[in-house]
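Input: a single structure, listed below in structure tokens.
Rule-based calculations on the coordinates, nothing more; no lab input. Not measured: the values here are computed from a predicted model. A quick note on method: Cβ atoms are made from the backbone with ideal geometry, for glycine too, and the neighbour counts reach across all protein chains shown.
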Amino acid sequence: MQSPTFTRRVALRSLVGGSMLFPGLVSELLAAEEGESSQGPLASRPSHFAARAKRVIMVFATGGVSHIDTFDPKSSEKGRDGSGKDKLMGSVFPYSANAACGTEVSDLFPHLRNTMEDICVIRSMKSAHFDHTEAAVGMHTGSATFTRPSMGSWLSYGLGTLNQNLPSFIVIAPHLPYGGTQVYASDFLPAYHQGTRVIPGAQPIDNLVPRTQKRGVQELELELAKRLNAQHFSNRQDDSRLAARIKSYETAFQMQTAGPEAFDVGQEDDRTLLAYGLERGQTTSFGWQCLVARRLAERGVRFIELVDSGSRPNWDSHGDMKEHVPLAKAADQPLAALILDLKQRGMLDETLIVWATEFGRTPTKEGKFGRGHHGDCFSIWLAGGGIKGGMVYGATDEVGRSITRDPVDVHDLHATILHLMGIDHTRLTYRHAGRDFRLTDVHGRLVRGILS
């Protein structure tokens, strides 16, 4: 029998001796590399303290959603700003208040407005940059100027996965957001913490169907591959990219069963599909993304990101704010359905939902009816997982140009998300290039006012 302490030396000796104990062997080698358990490098690990949330669903509306036209109402009176040059433009769309909590939301999001008692809107976010790429990367990694690991990668590194048969970090993105793959990259963290991209469609992840259906053939092939991989890895144990590639083979094999089942929304009843605005057989809408997010959350995926790019393909409305209308219509009902679905299943309390964009849009017009980039203030919202619902945090001035109360920057947001997942942001570090790095760098404070 295998001894309780399975060291790399024992493993390599087994390889040399032609041992047949190869199932799980590569995982043992990788686990030994980082002092982890025999379940492998993505094994679930304890948090620093009791967590309020077990998982995160992040929705990223790429392009820069106008705070003035969605979650931060401003007067429609027109005039000139302090420079006397640019014309101010108030909220283009009417606002109404949620009957239960009073939070005002524009008519772009009527379904979300009905769920505001579960949502905390932060109106005082400050962007890391005013350019799309830098701001989007900053929102995900905490750094707008230097390559750093994404938040999903940090959580995968810190907590591992709850399901070895699925990746710990999945990104559902019909189109890449500004910043491209960097928004889900692991950078200097071990490469197996990088996000796995899923593209909505009939086959969200390629090559999940076994090459052969003959019983035992694939298992023999994989066992041989594991033997060769382990021999190759034994002399390259510092290469995290190689370790990640080897781990990906194991995960891919496990996903041949778990993956198709998780993405098969056809298993849902008609009532659920209708709630998300889905027709049976539909696999490409934002409603599909939201329903799959709930299914992945049920199956233990630690960090799920949905990129809301629409078909324009994003929210970057320089020419006409009415371009927000189809994008909001596509996202509104599915997002509200996701919140209600999780709530009805008893999962909302342990699932943190974060809706964000890279920055807001100017209170002054660009062109005839559009708005420019605005990083000085914008709105995001959070729900579930230890968040106090039915409230608004922070405020901006009368035209939506500047923060007047309770500013929140990206580092503060990240620190708060980690806190809700049971992690002290100052203690989640990784040694690289001679120093300890963390998601929040040397910054970050908890936004305690939004915690329940």
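For the peptides 325-335, 428-438, the ranking by packing is 325-335, 428-438, with the highest mean count of neighbouring Cβ atoms within 10 Å listed first. In sequence order, the range 416-425 has phi-based couplings of 6, 4, 4, 4, 5, 8, x, 10, 7, 4 Hz under the Karplus curve 6.51 cos²θ - 1.76 cosθ + 1.60, θ = phi - 60°, and Gly or Pro positions carry x.
Distance between the 7 Å Cα→Cβ label points at E279 and Q344: 2.2 nm. Our compactness index for the range 63-208, the C-alpha radius of gyration over the empirical 2.2 N^0.38 Å, is 1.34.
Each other residue within a Cβ distance under 12 Å of D72 adds +1 if Lys or Arg and -1 if Asp or Glu, for a net charge of 0. Rounded to two decimals, the Cα-based Rg/Rh of the range 308-359, with Kirkwood Rh, is 1.09. Full extension of the chain between S402 and C101 yields a length gain of 105.9 nm, computed as 0.36 nm times the residue separation minus the alpha carbon distance.
Within the shell of other residues whose beta carbon sits under 12 angstrom from the beta carbon of C101, the net charge comes to -1, with Lys and Arg scored +1 and Asp and Glu -1. Under a 5 Å amide H cut-off, with hydrogens placed 1.01 Å from N, V59 pairs with L306, V354, W355, A356 among residues at least 5 apart or on other chains. In this structure the amide hydrogen of S452, modeled in the peptide plane, comes within under 5 Å of the amide hydrogens of I387, K388, none closer than 5 places in sequence on its chain. Averaged over residues, the count of other Cβ atoms within 10 Å places the peptides 354-360, 375-381, 405-411 in the sequence 354-360, 375-381, 405-411, highest first.
Under 5 Å between amide hydrogens, built in the peptide plane, is the criterion, and for E366 it picks out R371, G372 among residues at least 5 positions away or on other chains. Report the local net charge at Q344: Lys and Arg +1, Asp and Glu -1, summed over other residues whose C-beta lies under 15 Å from its C-beta. The answer is -3. Pairs of lysines in the range 309-452 whose Cα atoms sit within less than 29 Å of one another amount to 7, provided the residues are eight or more positions apart or on different chains. Working ranking of peptides 152-159, 275-282 by packing, defined as the average number of other Cβ atoms within 10 Å per residue, highest first, is 152-159, 275-282. Rounded if a/c is under 1.5, else prolate if a/b is larger than b/c, else oblate: which is the range 322-452, with a ≥ b ≥ c the root eigenvalues of its Cα gyration tensor? Oblate, since a/c reaches 1.5 and b/c is not below a/b. Phi angles across the range 183-191 convert, under the Karplus curve 6.51 cos²θ - 1.76 cosθ + 1.60 with θ = phi - 60°, into 3J(HN,Hα) values of 5, 10, 7, 8, 6, 7, 5, x, 5 Hz, Gly and Pro given as x.
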